[in-house]
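To keep things clear, I will list the structure first and then write my remarks on it.
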Amino acid sequence: MSGNVPDMDALPETGVGVAGLAGSVIGEVERAVVGKRPVLEQMMAAILAGGHLLLEDFPGLAKTLIANSFATALGLEFRRIQFTPDLLPGDITGGYVYDRVQSRFSLRRGPLVANIILADEINRASPKTQSALLEAMQEYQVTLEGETLPLPEPFIVFATQNPIEYEGTFPLPEAQLDRFLLRVSLGYVSKRDEIQMIEHQQFQHPIAALAAVVSQAEVVAMQEAVKHVFVSDAIKQYIVDLTFATRDSDSVYLGSSPRGSLGLFRAGQALAPIRGRDFVLPDDVKAVIEPVLVHRIIVNPSARLKLVSPKQIIADIVQRVPVPEAKG
């Protein structure tokens with residue numbers, strides 16, 4: 001069915017399947033983050049697709065913990081940057097500083113030069129600083145004094161923002177929002193999971209017990225492997241139909257860009273092997289459509305007055321757009 005697709009159960013350099021490795025990573029993260037399996041699978045898919053994530057939720061819902069847990073389980077270098085109004089581009093990218101001992105300028109790399117970056121409260125930084133991050137997210141490089149410095153592989157940004165505090169913030173422009181593969185909200189856990197969380201943190205912070213279950217090389221190999229996951233012509237048409245439907249809705253002022261179709265394609269490719277397959281099903285696309293498209297839709301004023309949300313629009317589109325039939 002999938003032609004020359006590499007065997008998802010045997011990565012060339014590891015001998016272990018993408019499904020097995022991804023499951024191990026998610027399982028390790030779940031030692032610190034309880035009750036969030038579906039969201040963790042979506043986030044793992046974004047990592048395998050090489051995409052960036054925007055975590056938008058209330059304080060205290062484990063946004064920082066999740067980013068740190070994934071970095072630890074993946075064996076990747078992690079840096080946290082607290083975004084503030086006085087943060088300058090050079091504070092995150094680095095720059096040249098004068099070395100008095102050697103009487104010359106030397107390069108000081110900023111915290112942006114790492115594998116996983118937590119851009120905490122990203123909307124509190126000025127547009128100028130956000131533009132420096134945007135270059136890194138899009139071009140996978142930073143520019144220092146006219147010199148281009150490539151970023152390490154993989155390079156993934158976990159950005160957070162609080163949806164209820166807007167004082168002293170700079171809303172992210174649509175162009176920057178479009179660079180995030182997924183926008184996810186974690187939400188509260190159940191009573192049972194919250195009790196389990198209390199028990200996990202009785203003696204130590206859960207992040208202290210986590211360990212790397214894969215290497216940097218294995219992460220890069222998995223990212224390369226998922227690019228070969230088979231996507232049928234029918235599924236590609238289904239993806240484009242979903243994206244086009246966001247532009248035709250009466251409730252939408254601005255629908256998803258073509259980057260939305262590409263995001264659904266890549267996220268579906270990455271989620272399929274997490275679920276143990278080397279081909280994409282409509283259910284894979286449905287599982288990622290909300291986090292992929294929710295931040296790419298602008299609701300028109302009249303619909304906003306009726307409290308219509310992008311999530312409701314997406315749910316309606318999923319119901320209306322015909323699902324491709326399986327061909328035996």
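Using a simple charge model, +1 on the beta-carbon of Lys and Arg, -1 on the beta-carbon of Asp and Glu, nothing else, what dipole does the stretch 49-163 show about its Cα centre, in debye to the nearest 20?
The calculated dipole for the stretch 49-163 is roughly 280 debye.
Would you mind computing Rg(Cα) / (2.2 N^0.38 Å) for the stretch 18-320, counting N as its residues?
With N residues counted in the stretch 18-320, Rg over 2.2 N^0.38 Å equals 1.03.
Find, to one decimal place in angstroms, the Kirkwood hydrodynamic radius of the stretch 125-211, where the mean of 1/r is taken over every pair of different Cα atoms and then inverted.
It works out to 16.6 Å.
Just going by the charge dipole of the stretch 18-320, with Lys and Arg at +1 and Asp and Glu at -1 on Cβ, which of G60, L87, Y140 is farthest out on the positive end?
It is G60, whose Cα lies furthest towards the positive end.
Would you mind computing, in nm to one decimal, how far apart the modelled labels at S257 and D86 are, each placed 7 Å from Cα along Cα→Cβ?
Distance between the two pseudo-spin positions: 3.4 nm.
So which DSSP H runs in the chain come out at 20 Å plus along the axis (Cα) with average Kyte-Doolittle of at least -1.0?
Working: long enough: 233-248 (22 Å, -0.11); 258-274 (25 Å, 0.38).
Counting only whole DSSP H runs, the qualifying helices are 233-248, 258-274.
What is the set of long-range amide H partners of L87 at a cut-off below 5 Å, with H atoms built 1.01 Å from backbone N?
Placed amide hydrogens put S126 under 5 Å from L87.
Summing -39500 (n - 2.57) over the DSSP H runs of n ≥ 4 in the chain and dividing by its residue number, what mean residue ellipticity at 222 nm do you reach, to the nearest 500 deg cm²/dmol?
Values: 13 runs with 140 residues, N = 328.
That calculation yields -13000 deg cm²/dmol at 222 nm.
Treating only the Cβ of Lys, Arg, Asp and Glu as charged (+1, +1, -1, -1), what charge dipole size does the stretch 158-228 show about its Cα centre? Round to the nearest 20 debye.
Roughly 160 debye, rounded to the nearest 20.
When you count, for each residue, the other Cβ atoms within 10 Å and take the mean per peptide, how do 298-306, 177-185 rank with the highest first? Intermediate values should be presented prior to the final figure.
Values: 298-306: 12.8, 177-185: 21.0.
Ranking the peptides 298-306, 177-185 by packing returns 177-185, 298-306.
So how do D284, D233 line up by other beta-carbon neighbours within 10 Å, fewest first?
The most exposed by this proxy come first: D233, D284.
With an 8 Å cut-off on Cα pairs and a minimum separation of 6 or more residues, tell me the relative contact order of the chain in percent.
With pairs under 8 Å counted, the relative contact order is 24 percent.
Just to be sure I understand the curve: with the Debye formula and one point per C-alpha of the stretch 251-326, what is log10 I(q)/I(0) at q = 0.11, 0.23 Å⁻¹?
Log10 I(q)/I(0), no solvent term: -0.31, -1.05.
Nearest-5 percent of antiparallel DSSP beta bridges in the chain? Don't skip to the end; give the middle numbers.
On the way: 12 of 30 bridges.
Of all bridge pairs located within the chain, approximately 40 percent are antiparallel.
Peptides 258-269, 107-118: what's the order by average Cβ count within 10 Å, highest mean first?
258-269, 107-118
So which lysines can K191 reach, going by Cα to Cα under 26 Å and dropping same-chain residues fewer than 8 places off?
K36, K63, K311
Please name whichever of A46, V219, A19 sits farthest to the positive end of the charge dipole of the chain, dipole taken about the Cα centre and charges placed at Cβ: Lys and Arg +1, Asp and Glu -1.
Going by the charge dipole, the pick is A46.
So how strong a dipole does the chain carry about its Cα centre when Lys and Arg Cβ are +1 and Asp and Glu Cβ are -1, to the nearest 20 debye?
For the chain, the charge dipole is close to 360 debye.
Select from Q269, S69, A315 the residue farthest towards the positive end of the dipole of the chain; place +1 on Cβ of Lys and Arg, -1 on Cβ of Asp and Glu, and compute about the Cα centre.
A315
None of the figures in this text is laboratory data; all of them are computed from the coordinates on show. From a predicted model like this one, the values you see are computed outputs, not experimental measurements. Counting neighbours? That spans all protein chains shown, and the Cβs are built from the backbone with ideal geometry, glycine included.
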